[in-house]
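Participant: Below is one structure. I have some questions about it.
The values are calculated or read from the model by the stated rules, or taken from the named source; none is laboratory data. In this text the structure is predicted, and so the values were computed from the model without any measurement. Ideal geometry is used to build each Cβ from the backbone, glycine not excepted, and the neighbour counts take in all protein chains shown.
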Amino acid sequence: MELRGFNNAEERIYAAPCEQTYPASMIGRVAVAVLAAGLAVSGPAAAQSSTDLRITVWPDGKGNGSKTWTLRCSPLGGTLPNRAKTCRVLETLKTPFAPVPKGTVCTEIHGGPAVAWVRGTFRGRRVSATFNRSDGCEIDRWNRVRLLFPVPLSSA
């Protein structure tokens, strides 16, 4: 390929088409890498992002009557009220079902007898978590995911 109208070799290098300065084999490798990354995100990662939960709440403590709902995110479904908002909130939380770390100092405030149990899969991982309102730390933990527990709370 001849490039005309340039004074020296340096000008010809900068004016050369991309194919001349970037080998075709590298373009192919970059395309394959980008495609593979896209498949990785839409394949196993998409499956891992699935959420399918069963939520049971005993508003007046265990043994006093319960209410149960289901929640699915991606695709959205289940019986829980405000499913879309709940899924959005859960997505923003790093570890919504983690227990209060051992040794944490918590205020001795009792938030009532309510107990909840959440089980199923969250982001593709099995979860089973119990929530209560026995002290300040547990109340805070409950409140972070309160959309999962759409019941009026008693302070008894």
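Participant: So which of Lys85, Lys94 ends up being under 21 Å from the mean Cα position of the chain (by Cα), outside any helix (DSSP H, G or I) and of a type in the set (D, E, K, R)?
Facilitator: That would be Lys94, the only listed residue that is under 21 Å from the mean Cα position of the chain (by Cα), outside any helix (DSSP H, G or I) and of a type in the set (D, E, K, R).
Participant: Quick check on my filter: what residues within the stretch 53-80 are of a type in the set (Ser, Thr, Tyr), closer than 20 Å to Leu153 by Cα and at pLDDT below 95?
Facilitator: Passing the criteria: only Ser66.
Participant: List every residue pair whose Cβ atoms lie under 6 Å apart, where the two residues are 6 or more positions apart in sequence or sit on different chains, the first residue falls within the stretch 57-78 and is more than 16 Å from Val151 (Cα to Cα), and the second residue, located anywhere, is among the β-branched types (Val, Ile, Thr) and assigned to a strand (DSSP E or B).
Facilitator: Correct list of pairs: Cys73/Thr51; Gly78/Thr70.
Participant: Exactly one condition in (1) more than 16 Å from Leu90 (Cα to Cα); (2) in the same structural domain as Pro59 (by TED's automatic domain parsing); (3) crowded, with 16+ Cβ neighbours inside 10 Å is not met by Phe122; state its number.
Facilitator: Among (1) more than 16 Å from Leu90 (Cα to Cα); (2) in the same structural domain as Pro59 (by TED's automatic domain parsing); (3) crowded, with 16+ Cβ neighbours inside 10 Å, the lone unmet condition for Phe122 is (1).
Participant: Kindly provide the set of residues from the stretch 49-82 that are surrounded by 14 or more Cβ atoms within 10 Å (Cβ to Cβ), within 19 Å of the chain's Cα centre (by Cα) and of a type in the set (A, V, I, L, M), ordered by number.
Facilitator: Leu53, Ile55, Leu71, Leu80
Participant: Can you go through Thr70, Thr79 and tell me which one is touching a Lys or Arg at 6+ places or on another chain (Cβ under 7 Å) and farther than 20 Å from Asp135 by Cα?
Facilitator: Thr70
Participant: Contact list please: Cβ distance under 9 Å, first residue in the stretch 130-146 and without any contact (Cβ under 8 Å) to a residue 24 or more places away in the chain, second residue small (Gly, Ala, Ser) and assigned to a strand (DSSP E or B), pairs at least six apart or on different chains.
Facilitator: Cβ pairs passing all conditions: Thr130/Ala116; Phe131/Ala116; Asn132/Ala116.
Participant: Hey, among Val118, Val89, Val105, which residue is in contact with a strand residue (DSSP E or B) (Cβ under 8 Å, 6 or more places away or on another chain) and among the aliphatic types (A, V, I, L, M)?
Facilitator: Being in contact with a strand residue (DSSP E or B) (Cβ under 8 Å, 6 or more places away or on another chain) and among the aliphatic types (A, V, I, L, M) holds for just one of Val118, Val89, Val105, which is Val118.
Participant: Given the criterion among the polar types (S, T, N, Q) and closer than 12 Å to Thr51 by Cα, identify the matching residue among Ser134, Ser74, Ser66.
Facilitator: Ser74
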